[in-house]
Amino acid sequence: MYVRSIHAHSDGGAVVLYEKDAFGNSTLHAAYIDASSSKVWDISLTMDASNQEFLDSVVMGDGIYIVFSDSRSGDLDIYGQLISFSGSRLSDSNGDVLCVLSTDQSSASIDILDSLDAFLVCWEDGRNGASDNKDIFCRQGAIDDSGALVYYDEVALSLALGNQQNPYVKS
């Protein structure tokens, strides 16, 4: 087990994000530890048992949004999952697709935009040359007025020749 991130909650507890390695596959989990150090809930981020890797996370109004890579399609792809503070998956049970292509996407970074209901995710993308021409793409998401997660079209941040790598999102 590898702890990847800890987010404090206003009630004195914390959400702990961790990877669990089983038989060479890593799966992602979130657990809530209350102010008296008791585990209240523990949930896997997806129902899928494919190899997953934590990339980044942020606190939103309804919970913690986690960005992760997943190799269920054979290549590394970028997914997101919103976990409520009560321990429920608010995204698709296997995570929301942020980018799935026939080449690797990796090294994602996320931050909240001007409110706790919108975020920006950027990642390294090999669609234009997996080893020698990586680019940076970004996608915005938000919680709409009905409480549903919505995603907007991805945007190419940099398509210059050569590698553009390791995006860092900071608002």
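The values are calculated or read from the model by the stated rules, or taken from the named source; none is laboratory data. The model shown is predicted, which means the values in this text are computed figures rather than measured ones. FYI the Cβ positions are ideal-geometry reconstructions off the backbone, even for glycines, and counts take in every protein chain you see. Protein only, heavy atoms only, side chains kept; ligands, DNA and RNA dropped before computing areas. Shrake-Rupley method; radii C 1.70, N 1.55, O 1.52, S 1.80 Å.
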State whether the residues of segment 13-21 include one that is surrounded by fewer than 17 Cβ atoms within 10 Å (Cβ to Cβ), in contact (Cβ under 8 Å) with a residue 60 or more places away in the chain and either part of a loop (DSSP other than H, G, I, E, B) or not charged (D, E, K, R) (or both). no
What number of residues within segment 22-43 are surrounded by 13 or more Cβ atoms within 10 Å (Cβ to Cβ) and either among the aromatic types (Phe, Trp, Tyr) or not in a strand (DSSP E or B) (or both)? 3
With respect to the numbered conditions (1) within 18 Å of ASN94 (Cα to Cα); (2) surrounded by fewer than 18 Cβ atoms within 10 Å (Cβ to Cβ), which one is the sole condition not fulfilled by GLN52? (2)
Of everything in segment 105-135, what is in contact with a Pro (Cβ under 9 Å, 6 or more places away or on another chain) and over 18 Å from ILE83 (Cβ atoms)? Give them in sequence order. SER107, SER109, CYS122, TRP123, GLU124
ILE78 - would you say it is part of a strand (DSSP E or B), on the phi < 0 side of the Ramachandran plot, of a type in the set (A, V, I, L, M, F, W, C) and loosely packed, with under 14 Cβ neighbours inside 10 Å? no
Consider segment 81-110. How many of its residues are under 23 Å from HIS7 (Cα atoms), open to solvent by 30 Å² or more (accessible area, probe 1.4 Å) and not polar (S, T, N, Q)? 4
Within segment 144-154, residues being closer than 16 Å to TYR79 by Cα and either open to solvent by less than 50 Å² (accessible area, probe 1.4 Å) or in contact with a Phe, Trp or Tyr (Cβ under 7 Å, 6 or more places away or on another chain) (or both) number 3
Quick check on VAL59: is it closer than 28 Å to ASP114 by Cα, buried (at least 19 other Cβ atoms within 10 Å of the Cβ), touching a Phe, Trp or Tyr at 6+ places or on another chain (Cβ under 9 Å) and of a type in the set (Val, Ile, Thr)? no
For segment 145-171, which positions are in a loop (DSSP other than H, G, I, E, B) and among the aliphatic types (A, V, I, L, M)? ALA148, LEU159, ALA160, LEU161, VAL169
